[in-house]
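The values are calculated or read from the model by the stated rules, or taken from the named source; none is laboratory data. All values reported here derive from a predicted model rather than from experimental measurement. Counting neighbours? That spans all protein chains shown, and the Cβs are built from the backbone with ideal geometry, glycine included. Surface areas here come from the heavy atoms of the whole protein model, side chains and all, with no ligands, DNA or RNA. Shrake-Rupley method; radii C 1.70, N 1.55, O 1.52, S 1.80 Å.
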Amino acid sequence: MSAALRDRVRAACIEALKRHGFVEIRKGWPSKYINDDFSCWVGLNTGVYAGSVSLSPFVGVHAQKLDRRIAQFCADKKLKYDCRNASYAIHMGEIAPYEPVFDFFDGDDISEDAARLAKLYAEVGFPFSQSIASNEALLPLLYERVDMLGGYPERYAVCLDELGRRNEAIAYVTKIGEEWEHLRPFCQNFLEFYRTTTS
């Protein structure tokens with residue numbers, strides 16, 4: 001029953017988001033276009049309990065160009081470009097502390113809370129995404145998270161390059177390749193690309 005409630009809640013929230021201009025980039029993955037390089041990323045993290053579903057909303061950006069370039073340098077094809085991934089995201093509670101979690105209970109009318117969640121994304125989440133939808137805005141945010149790994153060092157390096165700071169990017173990639181063994185294939189491919197294109 002709870003799994004069925006989860007599916008109904010997610011479907012209701014996505015339909016409500018669509019009324020605010022969001023679209024499903026893939027089934028179950030809502031997003032909203034910002035510009036040619038960025039879209040608003042929506043994360044509807046759900047917890048399933050006996051008779052209820054808790055939805056924890058996240059919001060951020062998907063940087064299409066940035067992540068495609070990262071995929072170009074990844075040796076592991078499992079890390080290929082995926083439009084469902086967030087390039088940078090935060091919990092909605094960080095920008096809307098009055099709405100940290102949405103709880104849905106079996107037997108209740110879920111449409112009202114779904115509409116409230118969609119309105120929150122439209123009025124708070126999307127403007128936040130717009131505010132960081134540039135490489136200039138994204139760069140310091142990525143840098144704050146490089147020690148978390150999870151793609152942040154790679155995004156930071158490519159973002160530097162996209163901003164025309166190639167020498168800094170090369171120095172940074174050289175450094176992280178020495179520090180983190182699992183990043184070495186990315187770093188080697190990145191450095192090799194510039195050796196061949198500048199020779």
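Per DSSP helix of 4 or more residues, -39500 (n - 2.57); summed, then divided by the residues of the chain. What does that give at 222 nm, rounded to the nearest 500?
Roughly -14500 deg cm²/dmol at 222 nm, from the helical runs in the chain.
Which distance in nm do the two modelled labels at Asp37 and Ser2 give, with both placed 7 Å along the Cα-to-Cβ direction?
The two pseudo-label positions are separated by 4.3 nm.
Applying a 10 Å radius around every beta-carbon, put 179-192, 94-107, 116-129 in order of their mean neighbour count, most first.
Top to bottom by mean Cβ count within 10 Å: 116-129, 179-192, 94-107.
Measure of size requested: the Rg and Dmax of the range 76-163, with Cα atoms as the atom set and Å as the unit; please supply both.
16.6, 52
Placing +1 on the Cβ of each Lys and Arg and -1 on the Cβ of each Asp and Glu in the chain, which of Cys187, Ala12, Tyr33 has its Cα farthest towards the positive end of the resulting dipole?
Result: Cys187, furthest along the dipole toward the positive end.
Taking the solvent-accessible surface of protein heavy atoms with a 1.4 Å probe, what is the per residue accessible area of the range 103-199 in Å²?
54
Please state, rounded to one decimal and in Å, the Kirkwood hydrodynamic radius that the chain gives when every pair of distinct Cα atoms enters the mean of 1/r.
18.2
What are the residues whose amide H is under 5 Å from the amide H of Ile25, where those residues sit 5 or more places off or on another chain and H is modelled from the backbone?
Correct list: Ser31.
Heavy atoms only, probe 1.4 Å: what % of the accessible area of the range 1-47 goes to carbon and sulfur, would you let me know?
52
Percent of accessible area on the range 135-186 owned by carbon and sulfur, 1.4 Å probe?
Ligands and nucleic acids excluded, carbon and sulfur give 48 percent.
Based on the mean of other Cβ atoms within 10 Å per residue, sort peptides 161-173, 7-19 so the most packed one is first.
Output ranking for 161-173, 7-19: 7-19, 161-173.
Taking the 0 to 90 degree range and rounding to the nearest ten, how far is the long axis of helix 2-18 tilted relative to the main principal axis of the chain, both from C-alpha atoms?
70
Which value, in debye to the nearest 20, gives the size of the charge dipole of the range 16-144 about its Cα centre, when Lys and Arg are +1 and Asp and Glu are -1 at the Cβ?
740
Could you tell me the center-to-center distance, by alpha carbons, between the range 1-71 and the range 120-148 in angstrom?
Each part's Cα centre sits 16 Å from the other's.
Extension gain Ala71-Gln188, at 0.36 nm per residue separation less the Cα-Cα distance, in nm?
40.8 nm
Which angle between 0 and 90 degrees, to the nearest 10, do you get for helix 184-198 versus the longest principal axis of the chain when only C-alpha atoms count?
That works out to roughly 50 degrees.
Taking the Cα centre of the chain as the origin and placing charges on Cβ (Lys, Arg +1; Asp, Glu -1), which of Gly125, Phe104, Asn167 is farthest toward the positive end of the dipole?
Checking the options against the dipole of the chain, the answer is Asn167.
How charged is the neighbourhood of Phe105? Take every other residue with its Cβ under 14 Å from the Cβ of Phe105, and add Lys/Arg as +1 and Asp/Glu as -1.
Spelling it out: positives minus negatives among the neighbours equals -4.
Using the Cα centre of the range 116-173 as the reference point, and only Cβ charges (+1 on K/R, -1 on D/E), how large is the resulting charge dipole? Debye, rounded to the nearest 20.
240
Give the angle, between 0 and 90 degrees and rounded to the nearest 10, that separates the Cα long axis of helix 135-144 from the longest principal axis of the Cα atoms of the chain.
On a 0 to 90 degree scale, this one is about 90.
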